[in-house]
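The values are calculated or read from the model by the stated rules, or taken from the named source; none is laboratory data. Just so you know, these numbers come straight off a predicted model, no measurement behind them. Heads up, the Cβs are rebuilt from the backbone with ideal geometry, glycines too, and the neighbour counts pull from every protein chain shown. Protein only, heavy atoms only, side chains kept; ligands, DNA and RNA dropped before computing areas. Shrake-Rupley method; radii C 1.70, N 1.55, O 1.52, S 1.80 Å.
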Amino acid sequence: MKDHIYNFLKYKDLFFELIKKDIKLKYRNSVLGILWSMLNPLLMMIVLTIIFSNLFNKHIEHFPVYVLTGRLIYQFFSESTNFAMDSIGSNSQLIKKVYVPKYLFPLSRICSSFITTLISMVPLLLVMLVTGMPFHWLNLLAIFPMICLLISSVGIGLLLATINVFFKDMKHLYSIILTVIMYLTPIFYPASIIPDKYRVIVEMNPIFNVVVMFRNLIMEGTLPPLSMMGVTLFYSCCIFVIGFFVFYKKQDKFIFYI
């Protein structure tokens, strides 16, 4: 572990440059640039609110905020893991020429997505103001579920990056998996409608508890159960360890397939 920390510190400048490059490339052909990070979830919130408000508005207070919080969590998870999956192949020329810790590529993409997602929180604050939702000091603790999500996204990103090197069709398969995850996440519907017999399966979704905790802290101003916080953190760390282990074991073979 000490060797990995030393190696990361040695290449930290490159890591930060990769993050900058990823953010610039993401908005290279966009007229609005990084402002699109704020407009995109806001527009999706408006569309989903118009479509589903008649169904669930009576059961969910502050429905626009409810939709936006779920959408922000899902958008980060989807975007970051997708970017990480292609990170090794898109940097193959650099990997072939010089030694660079390979995990920096998926990690930088996930971190760049995390930064743009934090920027996307600005519209959330505006919508909370417009809808008259009260602010609470516990809102600041919403960073905890976001950190849990970041940890699990890194693990899944490393796993996807590894699989994608050897199995190019992973991109198509993962798009289906993301669709399933989206519908298993209470983004626009209340979690209470999930039948108890399917609850355990649904909660295996890596972003389910994150969304619930995030809404507890943002919308209700209440601290999630400590058991949920502990289980979510443990689950995220397990995903990270699995992803890191698989990536570490297979990274020396990447050069033969990229």
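Take the stretch 77-114 and flag every residue that is of a type outside the set (S, T, N, Q), open to solvent by 40 Å² or more (accessible area, probe 1.4 Å) and farther than 23 Å from S175 by Cα. Answer for the stretch 77-114, where residues must be of a type outside the set (S, T, N, Q), open to solvent by 40 Å² or more (accessible area, probe 1.4 Å) and farther than 23 Å from S175 by Cα: L94, K96, K97, V98, Y99. Of everything in the stretch 219-239 that is open to solvent by less than 40 Å² (accessible area, probe 1.4 Å) and under 18 Å from the mean Cα position of the chain (by Cα), the residue that is farthest from L158 (Cα to Cα) is M229. Would you mind finding the one in I177, I242 that is assigned to a helix (DSSP H, G or I), in contact with a helix residue (DSSP H, G or I) (Cβ under 8 Å, 6 or more places away or on another chain), open to solvent by 60 Å² or more (accessible area, probe 1.4 Å) and among the β-branched types (V, I, T)? Matching residue, one of I177, I242: I242. Beta carbons closer than 8 Å, at least 6 apart along the sequence or on distinct chains, pair a first residue in the stretch 176-193 that is among the polar types (S, T, N, Q) with a second that is at pLDDT below 85 and assigned to a loop (DSSP other than H, G, I, E, B) for S192/H59.
Scanning the stretch 245-258 for residues that are farther than 18 Å from S153 by Cβ and assigned to a helix (DSSP H, G or I) gives K249, K250, Q251, D252, K253, F254, I255, F256.
For the condition over 22 Å from the mean Cα position of the chain (by Cα) and at pLDDT 90 or above, what is the one hit in K197, K250? Talk me through it step by step, then tell me what you get.
Numbers: K197 fails: at pLDDT 90 or above.
Residue meeting the stated conditions: K250.
Applying the set (1) touching a Leu at 6+ places or on another chain (Cβ under 6 Å); (2) free of Cβ contacts under 8 Å to residues at least 24 places away in the same chain to P106 leaves exactly one unmet item: (2).
Checked against (1) farther than 21 Å from N82 by Cα; (2) not in a helix (DSSP H, G or I), F234 passes all but a single condition, namely (2).
Does Y257 satisfy being open to solvent by 80 Å² or more (accessible area, probe 1.4 Å) and touching a Cys at 6+ places or on another chain (Cβ under 9 Å)? So Y257 does not fit the description; no.
The residue pairs whose first member lies in the stretch 159-170 and is closer than 13 Å to F254 by Cβ and open to solvent by 80 Å² or more (accessible area, probe 1.4 Å), whose second member is modelled with pLDDT of 90 or more and of a type outside the set (S, T, N, Q), and whose beta carbons are closer than 6 Å, counting only pairs six or more residues apart or on different chains, do not exist in this structure.
Screening the candidates N216, N209 for the property of being under 24 Å from L107 (Cβ atoms), crowded, with 16+ Cβ neighbours inside 10 Å and polar (S, T, N, Q) yields one hit, N209.
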